[in-house]
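K.L.:
Submitted below is the structure of interest, expressed as structure tokens.
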Amino acid sequence: MQKDYNSSSSDSNSIFDKDTKYVMQTYGRQPIVLDSGKGSLVYDIEGREYIDCVAGIAVNNIGHCHPLLVEAIKKQAEKLIHVSNLYYTEPQAELAEQLVKLTEMDRVFFCNSGTEAVEAAMKLARINTKKTDFIAVEHSFHGRTMGALSLTYKDMYRDPFKPLVQEEMFVPFNDAQAISDAITENTAAVIVEPIQGEGGINVPSEDYLKEVRKICDENDTLLIFDEVQTGFGRTGTWFCKEQFGVEPDIMTMAKAIGGGFPMGAIAAREDVSFGRGEHAATFGGGPLACASALASIEVIREENLVQRSKEMGEYFRSQLSDLSTDGLVEVRGKGLMIGVQFDRKCADIVEHGRRNGVLFNCTSESVLRIAPPLVITKEEIDRVVNVLEQA
Ligand SMILES: *Cc1c(COP(=O)(O)O)cnc(C)c1O
């Protein structure tokens with residue numbers, strides 16, 4: 001473990017060079033080349049070990065390369081990798097049943113990513129209500145394709161791509177009255193993340209989502225919960241909505257759904273569902289993705305990871321709250337979706353972490369996002385807290 005975290009080998013450098021030359025430079029990457037992973041740990045090609053507090057951005061909930069997931073992917077790959085949605089497959093039907101039960105919704109539609117799930121939710125809201133407009137909240141993140149981008153708050157992401165599906169639609173987060181004021185007879189849906197991820201791990205007050213639900217009901221407007229980041233045990237319940245006791249009409253899922261295998265889905269009430277021909281995706285609900293999701297759900301169940309997320313999250317937050325790290329303002333979140341607010345940019349802390357064997361991500365400039373695999377151990381949490389202490 002005590003390898004030098006400061007030097008890159010020629011191997012790393014040749015990979016950096018290829019990326020710089022051939023990949024569109026959209027990402028601000030950390031200067032390491034990741035090569036393998038196990039549980040909460042990842043290793044770079046020089047063999048250095050890191051505790052992964054990013055987890056693919058809340059994706060690897062069951063840990064890296066879980067043997068059950070690897071086995072399920074191998075088995076399915078040997079049998080059938082892709083067929084068209086012109087045909088039925090067993091993994092898709094099985095997964096649909098499981099997701100309907102877990103979400104307590106009635107039907108699902110499968111796609112391949114979070115942004116696609118949001119697109120599907122938008123189309124579903126429009127076709128179901130015959131209305132066109134949306135209300136989203138400030139600091140939201142819903143994805144990067146044109147529809148989802150329209151619902152995403154950050155000007156930097158939006159401005160170069162205007163005109164979008166809709167321009168003025170944002171109201172302050174955690175302000176139900178603002179939604180009530182903004183809603184019109186043409187509002188198809190209100191979309192919220194039950195806890196905002198990209199926007200800085202913002203937890204709304206207890207009654208906010210209940211009030212939003214009521215306002216939507218009074219105005220014949222649908223309520224969409226974007227659970228792309230909060231789903232699959234991340235916040236200490238299967239889905240975050242359970243903690244607020246509110247049912248949406250449509251919910252989006254992606255990130256952790258396939259245990260790392262790319263997949264997205266929406267779930268909706270029976271009377272809000274798509275009909276024949278109203279939406280489609282070539283790869284949506286493919287056998288390999290569905291087999292991955294089934295295995296991932298099984299691991300979350302068998303290893304009690306939902307409860308574990310709750311307990312480890314509480315432990316993590318309590319340890320973090322005791323820190324006297326320079327500039328630390330607040331520790332917040334639920335389960336293992338944790339935000340550490342600083343009074344300054346936290347890029348230097350991300351770098352300090354990397355040099356000391358911990359991967360962090362900084363979101364909203366000054367919020368350290370901590371979203372490790374739900375299998376993280378107390379000992380690993382202590383190591384992370386220790387590294388932060390020295391920051
Ligand atoms: C990540 C994220 C998305 C977009 O998902 P992609 O798979 O990157 O398209 C949408 N909504 C939320 C809440 C997210 O966190």
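The values are calculated or read from the model by the stated rules, or taken from the named source; none is laboratory data. Everything numeric in this text was worked out from a predicted model, so none of it was measured. Cβ atoms come from the backbone with ideal geometry, glycine included; neighbour counts cover every protein chain shown.
K.L.:
Kindly provide the set of residues from the stretch 300-317 that are out of contact with any strand residue (DSSP E or B) (no Cβ under 7 Å at 6 or more places or on another chain) and either among the hydrophobic types (A, V, I, L, M, F, W, C) or at positive phi (or both), ordered by number.
P.N.:
Just the residues of the stretch 300-317 that are out of contact with any strand residue (DSSP E or B) (no Cβ under 7 Å at 6 or more places or on another chain), to begin with: 300-312, 314-315.
Listed by number, the residues that qualify are Ile300, Asn304, Leu305, Val306, Met312.
K.L.:
Return the residues of the stretch 237-257 that are away from the ligand (no atom under 11 Å from the Cβ) and either farther than 12 Å from Ala117 by Cα or assigned to a loop (DSSP other than H, G, I, E, B) (or both); say none if nothing qualifies.
P.N.:
Of everything in the stretch 237-257, those that are away from the ligand (no atom under 11 Å from the Cβ) and either farther than 12 Å from Ala117 by Cα or assigned to a loop (DSSP other than H, G, I, E, B) (or both) turn out to be Thr237, Trp238, Phe239, Lys241, Glu242, Gln243, Phe244, Gly245, Val246, Glu247, Pro248, Asp249.
K.L.:
If you don't mind, another one. Considering the stretch 339-358 alone, what residues qualify as being part of a strand (DSSP E or B) and crowded, with 23+ Cβ neighbours inside 10 Å?
P.N.:
Gly339, Val340, Val358, listed by residue number.
K.L.:
Within the stretch 144-160, take every residue that is more than 19 Å from Lys123 (Cα to Cα) and within 15 Å of the ligand (Cβ to nearest atom) and give me the one that is surrounded by the most Cβ atoms within 10 Å (Cβ to Cβ). Steps first, please.
P.N.:
The initial filter retains those residues of the stretch 144-160 that are more than 19 Å from Lys123 (Cα to Cα), namely 153-160.
Narrowing the set further to residues that are within 15 Å of the ligand (Cβ to nearest atom) leaves 153-154, 157-158.
Details: Tyr153: 19, Lys154: 15, Tyr157: 14, Arg158: 16.
This residue is Tyr153.
K.L.:
Only strands (runs of 3 or more DSSP E) wholly contained in the stretch 28-68 count here; list those with 1 or more residues that are surrounded by 23 or more Cβ atoms within 10 Å (Cβ to Cβ) and in contact with a helix residue (DSSP H, G or I) (Cβ under 6 Å, 6 or more places away or on another chain). Please lay out each step first, then the result.
P.N.:
Working: elements: 34-38, 41-44, 49-52.
Because the criterion is at least 1 residues that are surrounded by 23 or more Cβ atoms within 10 Å (Cβ to Cβ) and in contact with a helix residue (DSSP H, G or I) (Cβ under 6 Å, 6 or more places away or on another chain), the strands (runs of 3 or more DSSP E) in the stretch 28-68 that meet it are 49-52.
K.L.:
What's the number of the only condition in (1) at positive phi; (2) of a type outside the set (Phe, Trp, Tyr); (3) surrounded by fewer than 20 Cβ atoms within 10 Å (Cβ to Cβ) that Glu330 fails to meet?
P.N.:
Against the list (1) at positive phi; (2) of a type outside the set (Phe, Trp, Tyr); (3) surrounded by fewer than 20 Cβ atoms within 10 Å (Cβ to Cβ), Glu330 comes up short only on (1).
K.L.:
Out of the residues in the stretch 187-210 that are near the ligand (Cβ under 10 Å from one of its atoms) and under 23 Å from Asn361 (Cβ atoms), which is surrounded by the fewest Cβ atoms within 10 Å (Cβ to Cβ)? Reasoning before the result, please.
P.N.:
We begin by selecting, within the stretch 187-210, every residue near the ligand (Cβ under 10 Å from one of its atoms); these are 191-199.
Right, trim to under 23 Å from Asn361 (Cβ atoms) and you get 192-199.
Working: Val192: 24, Glu193: 26, Pro194: 25, Ile195: 24, Gln196: 27, Gly197: 26, Glu198: 23, Gly199: 21.
Ranking the candidates gives Gly199 first.
K.L.:
Thr184 fails exactly one of the following numbered conditions: (1) touching a residue at least 24 places away in the same chain (Cβ under 8 Å); (2) hydroxyl-bearing (Ser, Thr, Tyr); (3) surrounded by fewer than 18 Cβ atoms within 10 Å (Cβ to Cβ); (4) within 16 Å of the ligand (Cβ to nearest atom). What is the number of that condition?
P.N.:
(4)
K.L.:
Which of (1) over 20 Å from Lys101 (Cα atoms); (2) within 16 Å of the ligand (Cβ to nearest atom); (3) out of contact with any Gly (no Cβ under 8 Å at 6 or more places or on another chain); (4) hydrophobic (A, V, I, L, M, F, W, C) is the odd one out, the single condition Leu223 does not satisfy?
P.N.:
Of the numbered conditions (1) over 20 Å from Lys101 (Cα atoms); (2) within 16 Å of the ligand (Cβ to nearest atom); (3) out of contact with any Gly (no Cβ under 8 Å at 6 or more places or on another chain); (4) hydrophobic (A, V, I, L, M, F, W, C), the odd one out for Leu223 is (1).
K.L.:
Kindly list, by first and then second residue, each pair from a residue in the stretch 227-249 that is within 14 Å of Leu102 (Cα to Cα) to a residue that is modelled with pLDDT under 95 and within 16 Å of the ligand (Cβ to nearest atom), limited to pairs with Cβ atoms under 8 Å and residues at least 6 apart or on different chains.
P.N.:
Close Cβ pairs satisfying both conditions: none exist.
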